[in-house]
Amino acid sequence: MTNSILPTSGDPMGAAIYDYHKNGKADTLVVRSSMFDDDEIPVADLFRSFEDMPFLEQKALELAHGRILDVGAGSGCHSIALMKLGKDVTAIDISPLSVQVMLDRGVHARQVNFYDPAYDEKFDTVLMLMNGTGIIGNLDNIGNFFTRIKAVLNPDGCVLIDSSDLRYLFEEEDGSLMIDLADDYYGQLDYQMQYKGVVGEPFDWLYLDFNTLAYYAEENGFKAELVAEGEHYDYLARLTLA
Ligand code: SAH
């Protein structure tokens, strides 16, 4: 994980968000991974309203309180929903185009990489949504992740983060798992995105099952609670300082 901001020439998701914001429509945002066939993120979904959000995201927005930090805020959909609920939110993202769109939409947004050690503003709630554990990248970075959480969290603050247990991708019909224990953790994926001619650098994106998240939370001085579970191996967790 670097601490930097994306160059606009390598920011496909930002380009898609920018297009949709300007023109009300966008081309296909393609996601590649060595583990899957090419997939697509519907760009309109990145502009979802509170009513269109999955229940776990709505729950997170309802629980968010005090000074709120929306990490990897994208189009600003969660920040805008929070503002409509009268809440105080700051959004950060490494995508300059996304930040430009958020500012245009009235969001208090800044170009900040969550891993930049110089960023140490303090918040009561840190929101990480749409597979929020993705930003951890890979398990080698998890200690750094908790160090950064400590740097931006008030002592009695909390992190609201969602993810999914990808075990269903490896499950046999009899319920056993086709997982090679010598391999990396099964939720560790590599992604690369493309929008029109804009191709991003490949990056690591981590899906964490709740028990693994809770294990590392405890190792790093945090407590993890399962707030709610979704319908398909997905969940919302709350992290607080132990
Ligand atoms: N939360 C939004 C967007 C999710 S996509 C939503 O739910 O719709 C993930 C976002 O995180 C992207 O906008 C990406 O640019 C941003 N991001 C990735 N790594 C980041 C980092 N280290 N610091 C800040 N933002 C990051």
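Matching residues to (1) closer than 24 Å to L97 by Cβ; (2) of a type outside the set (D, E, K, R); (3) within 17 Å of the chain's Cα centre (by Cα):
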position: M130; (1), (2), (3): yes, yes, yes
position: G134; (1), (2), (3): yes, yes, yes
position: N141; (1), (2), (3): no, yes, yes
position: R148; (1), (2), (3): yes, no, yes
position: V159; (1), (2), (3): no, yes, yes
position: L177; (1), (2), (3): no, yes, no
position: Q192; (1), (2), (3): yes, yes, yes
position: V199; (1), (2), (3): yes, yes, no
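Assess whether L82 counts as being within 13 Å of the ligand (Cβ to nearest atom) and either in contact with a strand residue (DSSP E or B) (Cβ under 8 Å, 6 or more places away or on another chain) or basic (K, R) (or both).
yes
Which one of the conditions (1) within 15 Å of the ligand (Cβ to nearest atom); (2) more than 15 Å from G137 (Cβ to Cβ); (3) not hydrophobic (A, V, I, L, M, F, W, C) does D190 fail to meet, given that it meets all the rest?
For D190, the exception is condition (2).
Given the structure, is L6 open to solvent by less than 80 Å² (accessible area, probe 1.4 Å) and either more than 28 Å from N141 (Cβ to Cβ) or part of a loop (DSSP other than H, G, I, E, B) (or both)? Quick ask: steps written out before the conclusion?
Working: open to solvent by less than 80 Å² (accessible area, probe 1.4 Å): yes; either more than 28 Å from N141 (Cβ to Cβ) or part of a loop (DSSP other than H, G, I, E, B) (or both): yes.
Criteria met by L6.
Select from segment 114-140 the residues that are among the acidic types (D, E), closer than 20 Å to D88 by Cβ and either within 8 Å of the ligand (Cβ to nearest atom) or assigned to a loop (DSSP other than H, G, I, E, B) (or both) and list them in ascending order.
Matches in segment 114-140: D120, E121.
For N144, state whether it is within 19 Å of G221 (Cα to Cα), in contact (Cβ under 8 Å) with a residue 12 or more places away in the chain and open to solvent by 10 Å² or more (accessible area, probe 1.4 Å).
So N144 passes the test.
Taking interchain pairs and intrachain pairs at least six residues apart, which have beta carbon atoms under 6 angstrom, with the first residue in segment 194-216 and at negative phi and the second of a type in the set (S, T, Y) and crowded, with 16+ Cβ neighbours inside 10 Å?
Going by the 6 Å Cβ cut-off, the qualifying pairs are F203/Y191; W205/Y191; L206/T133; Y207/S163; Y207/S164; L208/T133; L208/S163; F210/Y235.
Go through the residues of segment 90-102 one by one and say whether even a single one is aliphatic (A, V, I, L, M) and more than 11 Å from the ligand (Cβ to nearest atom).
no
Starting from segment 120-134, take each residue that is touching a residue at least 24 places away in the same chain (Cβ under 8 Å) and farther than 17 Å from L61 by Cα and list its partners that are surrounded by fewer than 22 Cβ atoms within 10 Å (Cβ to Cβ) and among the polar types (S, T, N, Q), counting only C-beta distances under 7 angstrom and pairs at least six apart or across chains.
Pairs that qualify, where the first residue is touching a residue at least 24 places away in the same chain (Cβ under 8 Å) and farther than 17 Å from L61 by Cα and the partner is surrounded by fewer than 22 Cβ atoms within 10 Å (Cβ to Cβ) and among the polar types (S, T, N, Q), are K122/N154.
In this structure, does G143 turn out to be closer than 30 Å to D183 by Cβ, away from the ligand (no atom under 13 Å from the Cβ) and either out of contact with any strand residue (DSSP E or B) (no Cβ under 6 Å at 6 or more places or on another chain) or assigned to a loop (DSSP other than H, G, I, E, B) (or both)?
yes
The values are calculated or read from the model by the stated rules, or taken from the named source; none is laboratory data. Treat the numbers as computed from the prediction; the structure is a model and nothing was measured. Cβ sites come from the backbone with ideal geometry, for glycine too, and all protein chains shown count toward neighbours. We work out accessible area using only protein heavy atoms, side chains counted, and drop any ligands, DNA or RNA first. Shrake-Rupley method; radii C 1.70, N 1.55, O 1.52, S 1.80 Å.
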